[in-house]
1. What residue, among those in segment 221-239 that are part of a loop (DSSP other than H, G, I, E, B) and free of Cβ contacts under 8 Å to residues at least 24 places away in the same chain, is nearest to LEU195 (Cα to Cα)?
2. For PHE68, all conditions in the list (1) farther than 28 Å from ALA103 by Cβ; (2) among the aromatic types (Phe, Trp, Tyr); (3) in contact with a Leu (Cβ under 6 Å, 6 or more places away or on another chain) hold save one; what is the number of the exception?
3. Which residue pairs have Cβ atoms under 6 Å apart, sit 6 or more places apart or on different chains, and have a first residue in segment 73-94 that is closer than 24 Å to ILE228 by Cβ and a second that is charged (D, E, K, R)?
4. Any residue at all in segment 196-205 that's under 17 Å from GLY36 (Cα atoms) and under 19 Å from the mean Cα position of the chain (by Cα)?
5. Of the residues that sit in segment 49-95 and are among the β-branched types (Val, Ile, Thr) and assigned to a loop (DSSP other than H, G, I, E, B), which one is farthest from LEU222 (Cα to Cα)?
6. Would you check which residues across segment 155-201 are surrounded by 14 or more Cβ atoms within 10 Å (Cβ to Cβ), free of Cβ contacts under 8 Å to residues at least 24 places away in the same chain and touching a strand residue (DSSP E or B) at 6+ places or on another chain (Cβ under 7 Å) and list them?
7. Out of the residues in segment 62-110 that are crowded, with 18+ Cβ neighbours inside 10 Å and among the hydroxyl-bearing types (Ser, Thr, Tyr), state the one that is farthest from LYS130 (Cα to Cα).
8. When segment 148-169 is examined, which residues are found to be outside any helix (DSSP H, G or I) and either touching a helix residue (DSSP H, G or I) at 6+ places or on another chain (Cβ under 8 Å) or modelled with pLDDT under 85 (or both)?
Amino acid sequence: MQTENSRPAVLCFAGLDPSGGAGLQADIEAIAGCGGHALPISTCLTVQNSVAAFSVHAIDSDILKQQFYALFKDVNISACKISVIPNETIAACIATLVQQLPAMPIIYDPVFAASYGGQFSHAKTIEVIKSHLLPHVSVITPNVKEINTLLNETTTGTVEASKLCQYGPEYVLATGADSKSEQVHNTLLANTGLLENYTYPRLPQQYHGSGCTLSSALACFLAQNFTIKQAAKQAQDFTYKSLQTAQPIGQGQWIPKRIHCQ
C-alpha cells in the first residue's frame, strides 16, 4: 500500500532494448530520476545496439495481460506510459487494459521506428492505435516524423500536431529534435490550440532514448500532480540535462544519463 510520502508508481508498456538506451530501461531510469517507481511491462524484445535496430519480436499478449493484472491487483498505479507497440494484437490489448485503470494520466510516445532506422510498428498497427488506443490517451508526445505518420500529412514543424487531439488525447507535447532547425522547438498544444512554446539549444550529438526519457519523465511528474504545463516544462528540462550529460557506450548514438541529473 502506498503511503503519503511514497514514490508514485508509473506503469510502462515498452520494448526491451539491450543497449539500455531506450525502451524499458530508459523508462525505469527516467522515472527513478524524477522521483517515481517504474512498473515495466515488455511489449516486445528488440535486437539493437547504439548503432542500429535489427529486429523486433512481440511478446505474447496473454503474458502481457497476466503481468498487467498481477500489478493492477497489487499496486496503486498513479500514471501509465506507453511506447513501442509491435502489432495490432498488442495495440488492441493495451487499449482494452488501460480502460480498466482509474482516472489517471496516460501518456503515449508513438515510437514507430528507431531514430537510426528499423521499423517497430507498421501501417495496420498504427491504424489500430489511432482508432482504439488514442481515445484513452491523455497526452501524446510525437516528433515531427510521427506527427506526419499519424496525420498522413507532410509538415516540417510541430504546430499541426494539435490535430491529433481529434483522435482523443487532451494534450500534445510535440518535439522538434528531428527537424533541421538550429534550435530545438517543442510545443505544448490542446484541442483549443497552442499552450506553450519551448526552445532549447541544439546539442551536438545524436542520442538514443531521448523520446523515451521525455515521455517517462512527463508521466512521472503528472503522477505527482503537477499541472500539464508544469509537468511538460519539468520533463523537458530533465531530458535536456540528461542529454547534456550523455555518454557513448559503443560506436553509435550517445546514451542519456537519467540518474542523478536533476
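The values are calculated or read from the model by the stated rules, or taken from the named source; none is laboratory data. Source: prediction; values computed, not measured. All Cβ positions, glycine included, derive from the backbone under ideal geometry; neighbour counts span all protein chains shown.
1. By that ranking, first place goes to THR227.
2. So PHE68 meets the others, but not (1).
3. SER83/ASP109
4. Taking every residue of segment 196-205 in turn, none turns out to be under 17 Å from GLY36 (Cα atoms) and under 19 Å from the mean Cα position of the chain (by Cα).
5. Here the answer is VAL51.
6. Answer for segment 155-201, where residues must be surrounded by 14 or more Cβ atoms within 10 Å (Cβ to Cβ), free of Cβ contacts under 8 Å to residues at least 24 places away in the same chain and touching a strand residue (DSSP E or B) at 6+ places or on another chain (Cβ under 7 Å): just VAL184.
7. Among those that are crowded, with 18+ Cβ neighbours inside 10 Å and among the hydroxyl-bearing types (Ser, Thr, Tyr), it is SER78.
8. Residues satisfying the conditions are GLU153, THR154, THR155, THR156, GLY157, THR158, GLY168, PRO169.
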